[in-house]
Amino acid sequence: MRIGHIDLSRHIAAAEEQLVVLVEALTTHGVEQHVLVRNPFLAKRLSVCPGVSVGPIVRSPVTACILMPTVDLVHAHDPEAVSAGMLLNLTRSIPFVLTHRQFITPGNGPVNRLKYRRCDGIVCPSEDISSAMREYVSDKPVDTIGDACNADNVIDAENGRISAEGMAAEYLRVYRRILDSRGMPAMQL
């Protein structure tokens, strides 16, 4: 399985920290990954992970779409990256999952609706956000996967924190479900 990650945020915030934790945890499962990011410091940080290739710095969804190599699935980590995921889905039929971290829904404009209708799955860090997204896009699977903590990999259920290993296992479950649903069965009865 080869996963492509896209994050077009300018700054390193909590979402980008979670991207680093996820990429590092997925490498322990032997998942091959390619990452396209906008922030050069984030790119440097991710480039030291074994089994992870980091593409050139990208500043737009179109550039990310053009520079993404062949991957099995794309994970869009911020709202701008969702546009890149949609473009990859439309032009190259690559399935994509997105992470939605905001308490508000994306808006009802036709372009926003199209982006969220083209995705194959949505992941939210809390059940409150997941509930809002289920109302926004009722026909897409919405999963709740808590953020992983960095310090000593300690689980903090009260604040929705899980271990990095647990977060990676949950994302792998989502990735496999999406890839399995897109595949053709070997024999149809």
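The values are calculated or read from the model by the stated rules, or taken from the named source; none is laboratory data. Here the structure is a predicted model, which means the values were calculated and not measured. Note: ideal-geometry Cβ built from the backbone for every residue, glycine included; neighbour counts use all protein chains shown. Note: accessible area is taken over every heavy atom of the protein model, side chains too, but ligands, DNA and RNA are not part of it. Shrake-Rupley method; radii C 1.70, N 1.55, O 1.52, S 1.80 Å.
What's the extension gain from Lys44 to Met1 if we count 0.36 nm per residue and subtract their Cα-Cα distance?
Gain on stretching Lys44 to Met1: 13.1 nm.
How far apart, in nanometres, would the label points at Arg176 and Asn108 be if each is projected 7 angstrom from Cα along the Cα-to-Cβ direction?
Going by the 7 Å Cα→Cβ label model, 4.0 nm.
Give me the Debye-computed log₁₀ of I(q)/I(0) at q = 0.08, 0.14, 0.19 Å⁻¹ for the chain, equal point scatterers on Cα only, no solvent, two decimals.
Normalising to I(0) and taking log10 leaves -0.23, -0.75, -1.43.
Largest first, how would Glu32, Glu16, Glu80 line up by accessible area (1.4 Å probe)?
The most accessible residue leads, giving Glu32, Glu80, Glu16.
Write down the accessible area per residue of the range 36-97 in Å², having rolled a 1.4 Å probe over the full set of protein chains.
For the range 36-97, the solvent-accessible area averages 42 Å² per residue.
So, in nm, how far is label Ser126 from label Arg10 when the simple model puts each one 7 Å beyond its Cα toward the Cβ?
According to this spin-label approximation, the distance is 2.6 nm.
If you take the square roots of the eigenvalues of the alpha-carbon gyration tensor of the range 30-93 and sort them as a ≥ b ≥ c, do you get rounded (a/c under 1.5), prolate (a/b over b/c) or oblate?
It comes out oblate by the Cα gyration axes.
Do the sum for the chain: with -39,500 (n - 2.57) for every DSSP H run of n ≥ 4, divided by all residues, what is the mean residue ellipticity at 222 nm, to the nearest 500 deg cm²/dmol?
Result for the chain: -13000 deg cm²/dmol, rounded to the nearest 500.
In the chain, carbon and sulfur make up what percent of the accessible area (probe 1.4 Å)?
Answer for the chain: carbon and sulfur cover 54 percent of the accessible area.
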